[in-house]
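Asker: Input: one structure, supplied below.
Derivation of every value follows stated rules applied to the coordinates shown; laboratory data play no part. Predicted, not measured: the structure shown is a model, and the values here were computed from it. Every residue, glycine as well, gets a Cβ built from its backbone with ideal geometry; the counts of neighbours run over all protein chains shown.
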Amino acid sequence: MRVVEATATVVRLPLVHAFTTSSHAKSWLQHVLVELVAEDGTVGWGEIASPSGPFYSSETVGTTLLVAREHLLPALLRAEWEHPREATEAWRKVRGHEFAKAGVDAACWTLWAQAQGVPLATALGGTRTEVPVGVSLGIEPTVDALLEQVQLQVDAGYGRVKLKIAPGWDAEPVAAVRAAFPDHDLHVDANGAYPATDEAFAVLAGLDRYGLTMVEQPFGPRDFLSHAALAERMDTPVCLDESVVALDDLRTMLALRAGSILNIKVSRMGGLTPALAAHDLAREHDVPVWCGGMHEFGVGRAANLALSSLPGFSLPSDVSGSGKYYARDVVVPPVVSRDGVTAVPTGPGLGFDVDRDWVIANAQSSTTFRL
Ligand code: OSB
Ligand code: MG
């Protein structure tokens, strides 16, 4: 295949409910939609889901646009490829910038699936027709406000709830949610907010009493050793997110026993191609995986859903319905979850229609490249 036109469009969507993590608060998101057009007119979409600020990773919307514009898209426009895996070879020499790569890689995959006339999930090797999903809840101003949010999502049918924690917002909210929902599948995510101190180890190990499914990324991204030490000390499984941006990081996690569950994020790992490789390696080592999210709009959400249909994704993924975050999505109809599952679409390519007119009318900026 040959891509003859590539467009990067910045779209901003307001969140229905403000979301706060250990690092920052947001009430809207700004993602970059990548639209590729092949020689024969086939279209593929991908989403660069980087946060605006460099707090989850070092990337920002600005850096992803720069790298896509100056490196990834020009390289892709020069490439001739038969399979999306070969397309990613075009930017093999670009180090880092995983979010930027992920949006372009996913667009290549949806383009290829569309050209083959198969659903993206099938193109990736997915086998499930529906995916169990959970929700991620941010830090709230009060424990009561958090309980209200959990109730809202439990009522919406979500069987797994993940709570964001941070030093000072951990045992107390977790104890309250556990008391109110004694049998629910609960897990916590610290986004690397804890220092590797004795006090932090004690607080985290103390969470064992709440029967959590996992504790996700308590320490900094590069700190595999503290994760390994905590995993040794805790009964609750440790899951890595920010630490694993490349397959080599997963090898390190396995070798050091720094985690026993992997959160695979398409954005964090640089696309569906590396995400598939991580899935395969984790599966070889009997490490359960689930698909994490970055509050994706419909395009990225559809890619996450397709990926989650692979057999190794044995834990609920963060692919809740679009409505958990957005009143208005960029795909029509939006991604919908019922009773804690999201159906994998059966149509070719992305399986959701991008509302192109709305995207163009609401774009903050748009840049097109042609061969
Ligand atoms: O760590 O999973 C995370 C959102 C922004 C940054 C980091 C994370 C998250 C989420 C969102 O938890 C989950 C979702 O997209 O539903
Ligand atoms: Mg996380």
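Asker: Hey, what do the phi angles of the stretch 272-284 turn into as Karplus ³J(HN,Hα) couplings, whole Hz, using 6.51/-1.76/1.60 and θ = phi - 60°, x for Gly and Pro?
Answerer: 3J(HN,Hα) across the stretch 272-284, in whole Hz: 5, 4, x, 5, 5, 4, 5, 4, 5, 5, 4, 5, 4.
Asker: Just the Cα atoms of the chain: what Rg and Dmax do they give in Å?
Answerer: Just the Cα atoms of the chain yield Rg and Dmax of 19.6, 61 Å.
Asker: Tally Lys/Arg at +1 and Asp/Glu at -1 over every other residue whose Cβ is under 15 Å from the Cβ of Ser243; what's the total?
Answerer: -3
Asker: So what's the angle, to the nearest 10 degrees on a 0 to 90 scale, between helix 224-233 and the longest Cα principal axis of the chain?
Answerer: That helix lies at roughly 40 degrees to the long axis.
Asker: Calculate how steeply helix 247-256 sits against the longest principal axis of the alpha-carbon atoms of the chain, using the helix alpha-carbon long axis, and give the answer as 0 to 90 degrees to the nearest 10.
Answerer: For helix 247-256, the angle is close to 20 degrees.
Asker: Let me ask another. What percentages, rounded to whole numbers, describe P(r) for the stretch 1-154 computed over all alpha carbon pairs with 10 Å bin width beginning at zero?
Answerer: Final binned percentages: 10, 32, 29, 21, 7, 1.
Asker: If one takes the longest principal axis of the Cα atoms in the chain, at what angle in degrees, from 0 to 90 and to the nearest 10, does the Cα axis of helix 98-116 lie?
Answerer: The answer is roughly 60 degrees.
Asker: Mind putting a number on the dipole of the chain about its Cα centre? Charges go on the C-beta only, +1 for Lys and Arg and -1 for Asp and Glu, and I need it in Debye to the nearest 20.
Answerer: In debye, rounded to 20, the chain gives about 560.
Asker: Using the Kirkwood formula over every pair of different C-alpha atoms, what hydrodynamic radius in Å results for the stretch 277-338?
Answerer: 12.3
Asker: Would you work out the Kirkwood radius for the stretch 143-221? I mean one over the mean of 1/r across all pairs of different Cα atoms, in Å.
Answerer: This gives a value of 12.8 Å.
Asker: Can you give the translational diffusion coefficient of the stretch 1-61 in µm²/s, computed by Stokes-Einstein from the Kirkwood radius over Cα pairs at 37 °C and 0.692 mPa s?
Answerer: It diffuses with D of about 247 µm²/s by this estimate.
Asker: Here is a follow-up. Could you grab the relative contact order for the chain? Cα pairs under 8 Å, six or more apart, rounded to a whole percent.
Answerer: Once divided by the residue count of the chain, the mean separation gives 23 percent.
Asker: So, one more: Based on the inverse mean of 1/r over its pairs of different Cα atoms, what is the Kirkwood hydrodynamic radius of the stretch 298-371, in Å?
Answerer: 13.7
Asker: As an exercise, find the ratio Rg/Rh for the stretch 97-147 from alpha-carbon atoms, using the Kirkwood inverse-distance average for Rh.
Answerer: We get a ratio of 1.24 for the stretch 97-147.
Asker: I need two numbers for the stretch 191-350: Rg to one decimal and Dmax as a whole number, Cα atoms only, in Å.
Answerer: Values for the stretch 191-350 (Cα only, Rg and Dmax): 16.4, 52 Å.
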